[in-house]
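Scroll down for the structure; my scribbles are underneath it.
The values are calculated or read from the model by the stated rules, or taken from the named source; none is laboratory data. What you are looking at is a predicted structure, and each value in this text was computed from that prediction instead of being measured. All Cβ positions, even for glycine, are placed from backbone atoms using ideal geometry, and neighbour counts span all protein chains on display. Just the protein is used for accessible areas: all its heavy atoms, side chains included, with ligands, DNA and RNA removed. Shrake-Rupley method; radii C 1.70, N 1.55, O 1.52, S 1.80 Å.
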Amino acid sequence: MAGIVSIEDGRRKRGDQSRRLIVEAMLQLVRGGEMSPSAVQVAERAGVGLRTVCRHFQEMEVLYREMAEVIAAKVLPVINRPYTSASWRQRLQEMIKRRIEIYEEIMPLKIAGSVLRFRSAFLMEDYRAHLRMEREGLEAIMPESVRMDATLFRAIEMVTSFQAWRRLRQDQKLSLAEARRVMMRLLDGTIGS
């Protein structure tokens with residue numbers, strides 16, 4: 001009986017290792033610019049057989065979910081770091097620096113997700129959750145007077161959004177430093193001094 005358990009444990013460990021390799025391969029391919037990698041590409045990058053990829057991820061939703069878990073493990077510590085500034089304006093600037101760090105990490109994945117979210121319930125919900133998280137992050141540091149000014153709040157939300165960052169970095173092809181300066185200038189112009 002112990003031999004059977006040992007064999008099952010070995011299979012489970014190999015299966016878990018294959019899943020991790022497949023998820024990492026998918027993330028690497030997307031970060032490398034392949035917005036919708038094929039199972040063959042994933043298998044080649046992961047160093048596993050095509051049947052292994054198909055067996056582990058018969059539904060792409062499972063793969064998307066596991067990729068989201070890997071990404072969340074990287075960005076949640078940045079999001080949850082306590083603020084060091086006293087005023088809401090300074091906390092807002094801290095938040096933007098954090099968002100830029102996160103946006104740089106997730107940009108290829110969010111772009112790929114935007115292509116696929118209309119075919120995936122999970123990716124659509126993940127997109128909506130990201131928008132909620134951005135909004136709730138702003139609401140947590142804004143004074144009531146800014147939260148109650150719907151036009152001002154929405155303008156700040158837009159200026160600090162992933163969509164604005166993606167446009168600066170991808171469409172306008174600005175460097176990290178240039179995009180950061182533009183975002184800060186937009187924010188300064190939006191909130192005034």
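Brief remarks follow.
- Residue in region 18-40 that is under 30 Å from Val159 (Cα atoms), of a type outside the set (Val, Ile, Thr), in contact with a Lys or Arg (Cβ under 7 Å, 6 or more places away or on another chain) and open to solvent by 70 Å² or more (accessible area, probe 1.4 Å) present: yes
- Whenever a residue of region 25-41 is acidic (Asp, Glu), its partners that are open to solvent by 50 Å² or more (accessible area, probe 1.4 Å), lying with C-beta atoms within less than 8 angstrom and at least six residues away or across chains, give the pairs Glu34/Gln41.
- Where helices (runs of 4 or more DSSP H) fall wholly inside region 128-193, the ranges with 3 or more residues that are open to solvent by less than 40 Å² (accessible area, probe 1.4 Å) and not aromatic (Phe, Trp, Tyr) are 150-159, 176-191.
Yes or no, residue by residue, for (1) over 16 Å from the mean Cα position of the chain (by Cα); (2) of a type in the set (Phe, Trp, Tyr):
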site	(1), (2)
Pro77	no, no
Tyr83	yes, yes
Ala86	yes, no
Ile100	no, no
Glu105	no, no
Ala121	yes, no
Met124	no, no
Met133	no, no
Arg154	yes, no
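- Flag if Leu116 is touching a helix residue (DSSP H, G or I) at 6+ places or on another chain (Cβ under 7 Å), open to solvent by less than 70 Å² (accessible area, probe 1.4 Å) and part of a helix (DSSP H, G or I): yes
- Checked against (1) touching a residue at least 24 places away in the same chain (Cβ under 8 Å); (2) basic (Lys, Arg); (3) surrounded by fewer than 14 Cβ atoms within 10 Å (Cβ to Cβ), Arg91 passes all but a single condition, namely (3).
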